[in-house]
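K.L.:
Structure provided below as structure tokens; questions to follow.
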Amino acid sequence: MPYTAPVNDLVFAAELAGLDAVARLPGFEDATPALLRSILEEAGRFAAEVLAPLNHSGDRQGARLQGGEVITADGWKDAYRQFVAGGWNGLPFDPAFGGQGLPWLAATAVAEIWHAANMAFSLCPLLTQSAIAAIEAHGTPAQRETYLPKLVSGEWSGTMNLTEPQAGSDLSAVRTRAVPVSGGEHYRITGQKIFITYGDHDMTANIIHLVLARLPDAPPGVKGISLFIVPKFLAGEAGDWTRRNDIETVSLEHKLGIHASPTAVLGYGGGKYGDGDGALGYLVGEANRGLQYMFTMMNLARHAVGVEGNGVAERAYQQAAAFAAERVQGRAIDAGAGDSSAAAADSSAAADGRVAIIRHADVKRMLLAQKCRIEALRALSLTVAANIDHAHRQPAAEAQSQARDMLGILTPVIKGHATECGVDNVSLALQVQGGMGFIEETGAAQHYRDVRITPIYEGTTGIQSLDLVGRKLVGDGGGGALRVIARIEAECANLDVGDDAMAESMRAALNLLREAAESLLAAAADDANLPAAVAEPYLRLWGTVACGWQMLKAAALSHQRLTRGDGDAPGGDDGDGGGDDGGDGNGIGCAFYRHKIHTARFYFAAEMPKARQLADTIRTAAALIAEADPTMFEPA
Ligand SMILES: Cc1cc2nc3c(=O)[nH]c(=O)nc-3n(C[C@H](O)[C@H](O)[C@H](O)COP(=O)(O)OP(=O)(O)OC[C@H]3O[C@@H](n4cnc5c(N)ncnc54)[C@H](O)[C@@H]3O)c2cc1C
């Protein structure tokens, strides 16, 4: 099934996210909608022609371990070579290290295209980007000089090595050891890491692992974890990078999905490629501050995984919509056999009056549910990306701190909500295709298997929710969350949507969000278990309301462009929704805006009411969950 990058919607969502304000930041002056469009079109071509065709074959063949080396699926190496040659790996990075110097807003829009076209492939650049960000932020000048040019170009790839068998969500249990050698010039690393994405592969000349480990005298818990750069190949005396470090790929995991993405068990310092005293590693920043540094990687990766969940959902949705337009079953509900006005008007109707299933209301319901959530989450994820740009580049301290407030709240929200919605959306996409969705040949089942990891890795939804409630709400005395709510409220109050019902629904939802925050703060003062018990519904409430905020903005901008008729909609649409597609000079036609308003109205009719239910759960279920005796889950 082909993939078409949703370029119009990505450009529109970038405008909603404040592309104009990002283009006013120092260094981003060229980031215009026209430039973004041309980058997205080029990325869309590469994705459609090179990456998307490998998605299904990569799933079937998978990555494999042969003689201790990982071999990626057929076509993977060549696709990666082309990806690197196109300069795609370094979009948001400093030109001083060979990057393109584009805003994260643009890079995130492009990344959605990679995830949608081929999630298993896109994980390699995703992890490399996170490793670059960590070395850029916390490495020494020499480490930046050594590693960044090759990581930014994509000649080398990067990984994150956190997880160990006994240390998953709980990184305080990390046991990998790092012993200083030559007075701390380098370190000997020993231990085992599991589940390492692209922990080994054959696409790059070197792999730079960022590894969490403990020094011998480290304090217990998360305050005793340090971060190390541990390359697969070490620098030789001649300046080449061919000396193998003592890192063994012990095995590759057999997984539910993303079969072509190698998930490795790595043994450090076991002696296969060395003396058994440990792999050589280099400390990043100060000792015992590794987890804090790793958060630079994790926050970027969490946002990226949210984008990934939504990208796979877009791919599955495209497939479902195309299937629904083709598949003929049943007659229109208001039609007599062979004589339906709907069927007669329907060019896809079969001669006997049967219609394509896209005419059936229940199928339209399923498609609308996917469409409204995907478009809202796209806009939300680009809003997060725009705030990454503001947090890095805003000259004014206040604007920077506002961006950091937004990121603090919206990073766990986009990770948790977009991935959970991704699973729901992909499940609905499969449902649209009936039995054909369930069988492997059509590809719908692969999206369902692939997307399932997104609410698990980079911190489960439960862990994102605890971060939101524990650190970001209660830990901050409500400050950041309440400030973000107030900003959204102020922004919504200034929107002219041309639809009172949507505006009123948004006001009510924001009140629910504020009341939930206040009630959780009050509950925390009595019993810390209570907010934790309803952390997940609180995150989903945030997600639901934040998506409504994006849909309200989308409706307002569409309304403005349809009614203005002064250049942005040169097709001369009269704003009554009946005009022809004219376009706004930016490649977007009036039908796009009418559909956007319809989609936003559906969001407020069908998705936003969930906010009330989530708020009720937060209010009424906390004690029942917190007080549940573990023995009640035993077979009775
Ligand atoms: C395909 C794949 C790729 C991965 N890639 C990487 C990688 O590149 N690098 C890397 O380091 N790791 C990677 N991981 C590991 C991944 O990040 C972890 O699996 C994830 O963080 C969850 O940890 P866990 O599996 O140990 O689950 P656990 O921590 O055992 O959690 C099990 C359940 O308990 C819940 N839970 C745990 N603790 C708490 C708590 N305190 N409060 C409430 N609920 C809790 C969780 O939410 C979850 O539902 C990958 C995993 C997979 C499957």
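K.L.:
If a residue has to be among the β-branched types (V, I, T), in contact with an Asp or Glu (Cβ under 7 Å, 6 or more places away or on another chain) and away from the ligand (no atom under 16 Å from the Cβ) to count, how many in the stretch 136-177 make the cut?
P.N.:
Qualifying residue count, the stretch 136-177: 0.
K.L.:
Follow-up question, since we're still on this one. Show the residue pairs that are 6+ apart or on different chains and have beta-carbon atoms under 7 Å apart, the first residue being within the stretch 183-199 and within 16 Å of the ligand (Cβ to nearest atom), the second being assigned to a loop (DSSP other than H, G, I, E, B) and of a type in the set (D, E).
P.N.:
What qualifies is F195/E253.
K.L.:
Pairs under 7 Å by beta carbon, first residue of a type in the set (V, I, T) in the stretch 252-279, partner within 16 Å of the ligand (Cβ to nearest atom) and part of a loop (DSSP other than H, G, I, E, B), six or more apart or different chains?
P.N.:
I258/I453; T263/E253; T263/K255
K.L.:
Got at least one residue in the stretch 209-224 being in contact (Cβ under 8 Å) with a residue 60 or more places away in the chain and basic (K, R)?
P.N.:
Within the stretch 209-224, the subset in contact (Cβ under 8 Å) with a residue 60 or more places away in the chain is 210-213, 215, 218-219, 222-224.
Remaining after also requiring basic (K, R): 223.
Checking the stretch 209-224: at least one residue is in contact (Cβ under 8 Å) with a residue 60 or more places away in the chain and basic (K, R).
K.L.:
Run down D246, D217 and say which single residue is more than 16 Å from the ligand (Cβ to nearest atom), surrounded by 20 or more Cβ atoms within 10 Å (Cβ to Cβ) and over 30 Å from P95 (Cβ atoms).
P.N.:
Values: D217 fails: surrounded by 20 or more Cβ atoms within 10 Å (Cβ to Cβ).
Exactly one of D246, D217 is more than 16 Å from the ligand (Cβ to nearest atom), surrounded by 20 or more Cβ atoms within 10 Å (Cβ to Cβ) and over 30 Å from P95 (Cβ atoms), namely D246.
K.L.:
Would you check if R289 is buried (at least 24 other Cβ atoms within 10 Å of the Cβ), among the basic types (K, R) and in contact (Cβ under 8 Å) with a residue 12 or more places away in the chain?
P.N.:
Values: buried (at least 24 other Cβ atoms within 10 Å of the Cβ): no; among the basic types (K, R): yes; in contact (Cβ under 8 Å) with a residue 12 or more places away in the chain: yes.
No: the conditions fail for R289.
K.L.:
State whether one or more residues within the stretch 418-435 are of a type in the set (G, A, S), within 16 Å of the ligand (Cβ to nearest atom), touching a residue at least 12 places away in the same chain (Cβ under 8 Å) and surrounded by fewer than 17 Cβ atoms within 10 Å (Cβ to Cβ).
P.N.:
Just the residues of the stretch 418-435 that are of a type in the set (G, A, S), to begin with: 418, 422, 427, 429, 434-435.
From what's left, within 16 Å of the ligand (Cβ to nearest atom): 422.
Filter once more, so that each one left must be touching a residue at least 12 places away in the same chain (Cβ under 8 Å): 422.
If we keep only those that are surrounded by fewer than 17 Cβ atoms within 10 Å (Cβ to Cβ) too, we end up with none.
For the stretch 418-435, residues of a type in the set (G, A, S), within 16 Å of the ligand (Cβ to nearest atom), touching a residue at least 12 places away in the same chain (Cβ under 8 Å) and surrounded by fewer than 17 Cβ atoms within 10 Å (Cβ to Cβ): absent.
K.L.:
Pick from the stretch 254-279 the residues that are hydrophobic (A, V, I, L, M, F, W, C) and surrounded by fewer than 24 Cβ atoms within 10 Å (Cβ to Cβ): which of them is farthest from the ligand (Cβ to nearest atom)?
P.N.:
Applying the first criterion (hydrophobic (A, V, I, L, M, F, W, C)) to the stretch 254-279 yields 256, 258, 260, 264-266, 279.
With surrounded by fewer than 24 Cβ atoms within 10 Å (Cβ to Cβ) added as a condition, the list becomes 256, 265.
Numbers: L256: 9, V265: 11 Å.
Restricting to residues being hydrophobic (A, V, I, L, M, F, W, C) and surrounded by fewer than 24 Cβ atoms within 10 Å (Cβ to Cβ), the top hit is V265.
K.L.:
Restricted to the stretch 175-193, and to residues that are in a loop (DSSP other than H, G, I, E, B) and under 32 Å from the mean Cα position of the chain (by Cα), which residue is farthest from L280 (Cα to Cα)? Lay out the reasoning, then the answer.
P.N.:
Let us first name the residues in the stretch 175-193 that are in a loop (DSSP other than H, G, I, E, B), namely 175-176, 185.
From what's left, under 32 Å from the mean Cα position of the chain (by Cα): 175-176.
Working: R175: 17, T176: 13 Å.
Here the residue is R175.
K.L.:
If we scan the stretch 123-132, do we find a residue that is closer than 20 Å to R449 by Cβ, part of a helix (DSSP H, G or I) and touching a helix residue (DSSP H, G or I) at 6+ places or on another chain (Cβ under 6 Å)?
P.N.:
Yes, the conditions are met somewhere in the stretch 123-132.
K.L.:
Being of a type in the set (G, A, S), touching a residue at least 12 places away in the same chain (Cβ under 8 Å), in contact with a Pro (Cβ under 8 Å, 6 or more places away or on another chain) and under 15 Å from A260 (Cβ atoms) narrows it down to one residue among A73, A63, A14; which is it? Break it down stepwise before answering.
P.N.:
Values: A73 fails: in contact with a Pro (Cβ under 8 Å, 6 or more places away or on another chain); A14 fails: under 15 Å from A260 (Cβ atoms).
Every option except A63 fails the conditions.
K.L.:
In this structure, is A96 in a helix (DSSP H, G or I), in contact (Cβ under 8 Å) with a residue 40 or more places away in the chain and surrounded by fewer than 24 Cβ atoms within 10 Å (Cβ to Cβ)?
P.N.:
no
K.L.:
If E441 satisfies all but one of (1) under 28 Å from W104 (Cα atoms); (2) without any contact (Cβ under 8 Å) to a residue 60 or more places away in the chain, what's the number of the condition it fails?
P.N.:
(1)
K.L.:
Could I ask something else about it? When you go through A481, A444 one by one, which is the residue that is away from the ligand (no atom under 16 Å from the Cβ), within 24 Å of the chain's Cα centre (by Cα) and closer than 16 Å to G543 by Cβ? If you could, list the steps in order and put the result at the bottom.
P.N.:
On the way: A444 fails: closer than 16 Å to G543 by Cβ.
On inspection, the qualifying residue turns out to be A481.
K.L.:
Same structure, new question: Can you give me the number of residues within the stretch 520-548 that are surrounded by fewer than 22 Cβ atoms within 10 Å (Cβ to Cβ) and either touching a strand residue (DSSP E or B) at 6+ places or on another chain (Cβ under 9 Å) or not in a helix (DSSP H, G or I) (or both)?
P.N.:
Of the residues in that region, 2 qualify.
K.L.:
Checking A137 against (1) free of Cβ contacts under 8 Å to residues at least 60 places away in the same chain; (2) part of a helix (DSSP H, G or I); (3) more than 30 Å from G44 (Cβ to Cβ), only one condition comes out false. Which one?
P.N.:
Result: A137 fails condition (1) only.
K.L.:
All but one of (1) in contact (Cβ under 8 Å) with a residue 60 or more places away in the chain; (2) within 15 Å of the ligand (Cβ to nearest atom); (3) crowded, with 21+ Cβ neighbours inside 10 Å hold for K232; state the number of the condition that does not hold.
P.N.:
Unmet for K232, out of (1) in contact (Cβ under 8 Å) with a residue 60 or more places away in the chain; (2) within 15 Å of the ligand (Cβ to nearest atom); (3) crowded, with 21+ Cβ neighbours inside 10 Å: (1).
K.L.:
Also, I was wondering about something else. Taking the stretch 382-407, which residues are buried (at least 23 other Cβ atoms within 10 Å of the Cβ) and in contact with a Gly (Cβ under 6 Å, 6 or more places away or on another chain)?
P.N.:
A386
K.L.:
Here is a further query. Could you tell me whether R561 is closer than 25 Å to F602 by Cβ, outside any loop (DSSP other than H, G, I, E, B), under 25 Å from the mean Cα position of the chain (by Cα) and of a type in the set (K, R)? Give the derivation first.
P.N.:
On the way: closer than 25 Å to F602 by Cβ: yes; outside any loop (DSSP other than H, G, I, E, B): yes; under 25 Å from the mean Cα position of the chain (by Cα): no; of a type in the set (K, R): yes.
Criteria not met by R561.
K.L.:
Just the residues that are assigned to a helix (DSSP H, G or I) and either more than 9 Å from the ligand (Cβ to nearest atom) or touching a His at 6+ places or on another chain (Cβ under 9 Å) (or both), please, taken from the stretch 447-463. Even if it seems obvious, please write down each step before you answer.
P.N.:
So the first thing to find is which residues in the stretch 447-463 are assigned to a helix (DSSP H, G or I), and the list is 447-451, 461-463.
Hits for the stretch 447-463 are H447, Y448, R449, D450, V451, T461.
K.L.:
If we scan the stretch 43-53, do we find a residue that is free of Cβ contacts under 8 Å to residues at least 40 places away in the same chain and of a type in the set (A, V, I, L, M)?
P.N.:
yes
K.L.:
Determine the pairs where a residue that is at positive phi, located within the stretch 475-503, has a partner that is surrounded by 13 or more Cβ atoms within 10 Å (Cβ to Cβ) with Cβ atoms under 7 Å apart, the partner being 6 or more residues away or on another chain.
P.N.:
G478/A517; G478/L521; G498/H559
K.L.:
Give me the pairs, please: first residue somewhere in the stretch 22-39 and charged (D, E, K, R), second residue anywhere and surrounded by 12 or more Cβ atoms within 10 Å (Cβ to Cβ), beta-carbon distance under 6 Å, and either six or more positions apart or on two chains.
P.N.:
Filtered contacts from the stretch 22-39: R37/V11.
Values quoted throughout were computed directly from the atomic coordinates according to the rules given, and no laboratory measurement underlies them. Worth saying up front: this structure is predicted, and the values here are computed from it rather than measured. Heads up, the Cβs are rebuilt from the backbone with ideal geometry, glycines too, and the neighbour counts pull from every protein chain shown.
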